[in-house]
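Since the structure comes first, as structure tokens, the remarks are kept for the end.
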Amino acid sequence: MKINAPKGTRDILPGEIAGWQHVERVFADVCARYGYQEIRIPTFEQTDLFERGVGDTTDIVQKEMYTFEDKGGRSMSLRPEGTAGVVRSFLENGMASLPSPVRLYYNITAFRYENVQKGRYREFHQFGVEAFGAQGPAIDAELISMLDLYFKSLGLEKTSLRINSIGCPQCRGEYQQKLKAFLEPHLSELCGNCQERFNKNPLRIIDCKEDQCQAITADAPTQLDHLCPDCQIHFDGLKDQLDALALDYTIDPRIVRGLDYYTRTVFEFISDHVGTQGTICGGGRYDGLIAEVGGPQTPGIGFALGVERLLMELEAQSVPLLAARPITLYLAYLGGGEMAARSICYRLRKKGIRVDTDLMNRSLKAQMKFAGKSGAEFIMVLGEDEIESGQASLRSLARREVETIVRLDDLAALLLDIQDMPAEQQDQVINHYSL
RNA sequence: GUGGGAUUAGCUCAGUUGGUUAGAGUGCCAGAUUGUGGCUCUGGAGGUCGUGGGUUCGAUUCCCAUAUCCCACCCCA
């Protein structure tokens, strides 16, 4: 029986790992510059946490969670997102008593039982950030500027930011009444889904992509026009903050977001290269979530970024990613040189040099071939003559003509100098060691 | 949960109007007078033609089911 990777999962192979490591490194670096610290949380939690945190009316919790009973009869779920677990950890570890705001970031896999398509997997990767304890819009703008800096650091130029405010529970309730009153006369013209949404979650109707629904909701009242004074002040403040940072944004009253916990500020970074799954990054404020999970009333805000989608966007925009670092030296050997070659190889590796050598007893010709395909920068052949004289020829594999006789005793120092150096600068160093 | 397309060698794909030992390119291993790679030539390994049923003298080919992949609805990152 043939065993495949489970539907919706995939292997990240050595050939593509460089891109992943690159976006991870740059993300960690940007987070550090903003004073965000990494947190690592469990892959599964008590199901109850997600029901309360993500919202038990959401599709994510109702239809898409990997839920199982453990051997103690407890209901557990694989995390469908990161925020709930981080909030749980924040409370459990007394982080509320740390100086505010508490700023955390994470790099996780998350799991949702959905049908797979472009940019959507059952196991997927998210980078995320959560900040607790800051009330005003400055932190909203900080998160957005962080993402802007991150995208720019990666070389991703064409990202579009959309922001909206979905108000607080008070003004949202009033707005929902107005929205329903507006939609009521058109109820029969809405698509089937939206007719169901009318009672369950009318907000989602203005997010519907069906043409007939968009036509009806085009003139619908927006939450943005019905914010309470406090929410309005917050949203105006956010715009001032973004203007001060010279960040471009579009106000999109149709952004709703499918997680129950959002309040006030919501935002998305959109791509048009990821099929219909265009949201690379989504986030917002969740001032009620911490209390909902059982903690004190604490404001919070965060975002999550889809790593697979980010990588697709980078590829679509032809952004060069850091390549894997090649082997610096391939150490080939002939019969009598084998043990000396092994010993030198180990010594070089201890010094931090990337070295490869043959383990298959191959002919010299085969070793050369292998070295050439391995992408190694330099090659050296060790036989009895070289061991005896303590000298050997160091040759560039990419630039055949570059060949220099050097002392084996100097080899470590030489390679350490030229490792990771641009090719055109290497020659000078090599000449310095030349006999 | 619902649709459309696909599945043949490690990878990219031909092919068979149903008929003996199923092909190419590429990759892998080896060799081309036992000390210097990328080109070329030769040889080799590698496939129960996604899986399970059915029709048939005979199925990789036709039919049904199922799994997986890709795309879309929905939802989200």
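Check cross-link reach from residue A:200 to the lysines: straight Cα distance under 25 Å, and skip same-chain residues fewer than eight apart. Hits, sequence-local ones excluded: A:63, A:178, A:180, A:209.
Computed per residue of chain A from DSSP H runs no shorter than four, each worth -39500 (n - 2.57), the mean residue ellipticity at 222 nm is -11500 deg cm²/dmol. Of the trypsin sites (Lys or Arg not before Pro) found in the stretch A:355-435, the ones in coil according to DSSP and having at most 15 other Cβ atoms within 10 Å of their Cβ are A:362, A:399, A:400. Computed from backbone phi, the HN-Hα couplings of the stretch A:315-328 come to 5, 4, 8, 6, 7, x, 9, 4, 7, 4, 6, x, 4, 7 Hz, rounded to whole numbers (Karplus: 6.51 cos²θ - 1.76 cosθ + 1.60, θ = phi - 60°; Gly and Pro given as x).
The GluC sites (Glu not before Pro) of the stretch A:361-435 that meet both conditions, a loop assignment by DSSP and at most 11 other Cβ atoms within 10 Å of the site Cβ, are A:401. Taking 0.36 nm per residue of separation and subtracting the Cα-Cα distance, full extension of the segment from residue A:359 to residue A:98 would add 88.5 nm. Centre-to-centre, using Cα atoms only, the stretch A:205-239 and the stretch A:398-435 are separated by 64 Å.
Ligands, DNA and RNA are left out, and with a 1.4 angstrom probe the accessible area of chain A is 50 Å² per residue. Restricting the trypsin sites (Lys or Arg not before Pro) of the stretch A:141-203 to loop positions (DSSP other than H, G, I, E, B) with no more than 14 neighbouring Cβ atoms within 10 Å leaves A:158.
Would you mind telling me which residue in A:248, A:70, A:287 has the biggest mean-square fluctuation in a Gaussian network model of chain A, where springs connect alpha carbons within a distance under 10 angstrom? Comparing A:248, A:70, A:287 in the GNM, the peak value goes to A:70. With the highest mean first, a sort of the peptides A:226-239, A:347-360, A:252-265 on other beta-carbon atoms found within 10 angstrom per residue produces A:252-265, A:226-239, A:347-360.
The stretch A:166-185 and the stretch A:336-360 have their alpha-carbon centroids 71 Å apart. Placing a label point 7 Å from the Cα of residue A:366 along the Cα-to-Cβ line, the residues of the stretch A:327-360 whose backbone N sits under 19 Å from it are A:330-339, A:341-342, A:356-360. Using a probe of 1.4 Å on the protein chains alone, the accessible area found for residue A:102 is around 10 Å².
Comparing Cα centroids, the stretch A:291-328 and the stretch A:17-62 end up 9 angstrom apart. For the residue pairs A:7/A:152; A:152/A:239; A:158/A:373; A:351/A:373; A:118/A:239, the alpha carbons lie more than 30 Å apart in A:7/A:152; A:158/A:373; A:118/A:239.
Give the carbon-plus-sulfur fraction of the accessible surface of the stretch A:127-268 in %, rounded to a whole number; probe 1.4 Å, heavy atoms of protein chains only. In the stretch A:127-268, the share of accessible area belonging to carbon and sulfur is 46 percent.
The values are calculated or read from the model by the stated rules, or taken from the named source; none is laboratory data. Only a predicted model underlies this, so the values are computations on that prediction, with no experimental measurement involved. With ideal geometry, Cβ positions are generated from the backbone for all residues, glycine too; neighbour counts draw on all protein chains shown. Heads up: the accessible areas ignore ligands, DNA and RNA and are worked out on the full protein's heavy atoms, side chains in. Shrake-Rupley method; radii C 1.70, N 1.55, O 1.52, S 1.80 Å.
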